Structures are given as C-alpha cells and as structure tokens.
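The values are calculated or read from the model by the stated rules, or taken from the named source; none is laboratory data. All figures in this text were calculated on a predicted structure; none of them were measured in a lab. Positions of Cβ are backbone-derived with ideal geometry, glycine not excepted, and every protein chain shown enters the neighbour counts. Please note that ligands, DNA and RNA were not included when accessible areas were found on the heavy atoms of the full protein model with its side chains. Shrake-Rupley method; radii C 1.70, N 1.55, O 1.52, S 1.80 Å.
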Amino acid sequence: MGTGFQIGPVMIPWYGFFIVLGIAAAMLLGYILVKRNGLDFDRFIQIVCFVGLGAMIGAKILYLIVAWEQIDFSRITDPEYLNMLMGSGFVFYGGLIGGLIGLTLCGKILHIPVAEYARLTIPVIPVAHAFGRIGCAFVGCCYGVPYSGWGAVTYTDSLFAPNGISLFPVQAAEAVLELVIAAVLCAVIFRAGRVGKKPRSIELYLVLYAVVRFGLEFFRYDDAERGILAGMSTSQWISLGVCVGVAVWCKRRELVR
C-alpha cells in the first residue's frame, strides 16, 4: 500500500489522510452531542483546540521517552532526520495526558465548564482514535505479531512493519474496538440524559480503553518502540495505573457522598 496515494502531482500520506477523516468524523459527532445536550458549539471548538494541542505535544514527548534508545542523536541536527523524527511516532497515552492538561488549562484560561463538555462529548476521542489506527494499518506502524489466521495482513513495502511476513491485524482490531467503545459511551450518555443524570462517561471511557489497550498490547510486535519493563509494555503499565486510579477516584466519590 505504500505510505500514501497520488492525486496528480500531490502525494497524500495514508496516515495524514485518515487523521483528517478522523477529525472530521469526531467533529461531526461532537456537533451532534453538543446540540443534543444544549451546549455551546463555539466553546466546544475552543476546548478541542486546547486539547488537540496538548495531545500532540504529550503524544510526542512520551514517544521520545519510550523510543529514546532508537534515536540517532548524531543526526539530530540533520533537518531531514529531525523532520522525520518529529513528524512520526506518537504514543496515545501521552496524548491523553497532554489532552487532559490542555483541557484543564482551557477551563482556567477561558472559564469554560470543561468537565461538563468532556462528560458529554467524550465519544469523539475513540472515534478519532479509530481512524488513526486505520491509518496505522495502512502504513504498517504499530504492527502485530506473526500470525497466519483470519484477517492476517502481509506488508510488501512498509517503512515500519517487517515486509513479507504474515501479521496479526492489531491496528484494525483496535479501530473496531474503539468504535464499539464510542457506541457504548453514546448509549450511556443518551440514557443518562433521558433520566436526568450525569453520566460517568469519562471514567467508563478510561477503563474501557485501558482494558482494550492492555489486551491488544500482547498482540503487538514492535517491542523496541513500545518500551518493555518486567515483561509488559509502557502502555500496559499505564493501563493498569489508569484502572487503579479510576477505581480509587470512584471510591472516594462514593465516600464523599
């Protein structure tokens, strides 16, 4: 499939193409959720800008930390290498942390009730993420373990995945599960709205994604880029921490009540 497709003289990278599609789909869903819940779409856009910037910075920082040993610092002043380094390689959990920081800053700077917006529009995250994973599947990054069963993929000219080897379609599997998570969250939000309750959609999203990510990490084959400690990847350790953190948070809220 290569790295992209040609439209006249312009080469469109697959990953960037699906990221744009993901943003468009997420914004459409965000518009529906905002209007359905009587929120201000302009404020939603402002929140998206803060969260998006924080997410990009956070995702890149965590990637650089995890892939530290793979970086060729002797070429760091080479514009082409530096551009490649900064333009590829992002870790979702870093983006999630950075996005939460951006969300907090948005609330403090613009005085927007960001918690309410986050609670009611959280499904936009797994929708955008799903398209990103489809982009990964097209270019071969975040590739799966050797596998020859149903749905196996074999790359022939990928710059990231091992070519000529049948692999588990872990990126496609995550994309499907992300969309399932988004559907579950929408159902929970709509149901809570009908009965006049505040949905615990943020906590639910964090746990559902953590469980999915923890399991799928066992089917990933790009160990050098994920960071492995005591047999588990960086993302698996973070997933465990997220589940524990959410459980403690929910328990404390119950005690306060």
- Output for Cβ contacts, cut-off 7 Å, separation at least six or different chains, first residue aromatic (Phe, Trp, Tyr) in segment 159-183, second open to solvent by 60 Å² or more (accessible area, probe 1.4 Å), reads Phe168/Tyr147; Phe168/Phe219
- Looking at Arg36, is it at pLDDT below 95 and of a type in the set (Lys, Arg)? yes
- Message: Among the residues of segment 25-44, what is the count of those that are open to solvent by less than 60 Å² (accessible area, probe 1.4 Å) and assigned to a helix (DSSP H, G or I)?
- Response: 9
- Query: How many of the residues in segment 208-244 are part of a helix (DSSP H, G or I), in contact (Cβ under 8 Å) with a residue 12 or more places away in the chain and open to solvent by less than 50 Å² (accessible area, probe 1.4 Å)?
  - Reply: 14
- Query: If you go through segment 69-92 one residue at a time, do you hit one that is at pLDDT 90 or above, surrounded by 13 or more Cβ atoms within 10 Å (Cβ to Cβ) and either closer than 24 Å to Tyr209 by Cβ or among the hydrophobic types (A, V, I, L, M, F, W, C) (or both)?
  - Reply: no
- Item | Count of residues meeting criterion [touching a strand residue (DSSP E or B) at 6+ places or on another chain (Cβ under 8 Å) and open to solvent by 40 Å² or more (accessible area, probe 1.4 Å)] in segment 128-151 | 3
- Note on the structure: The condition from (1) in a helix (DSSP H, G or I); (2) over 28 Å from Asn163 (Cβ atoms) that Lys197 misses is numbered (1)
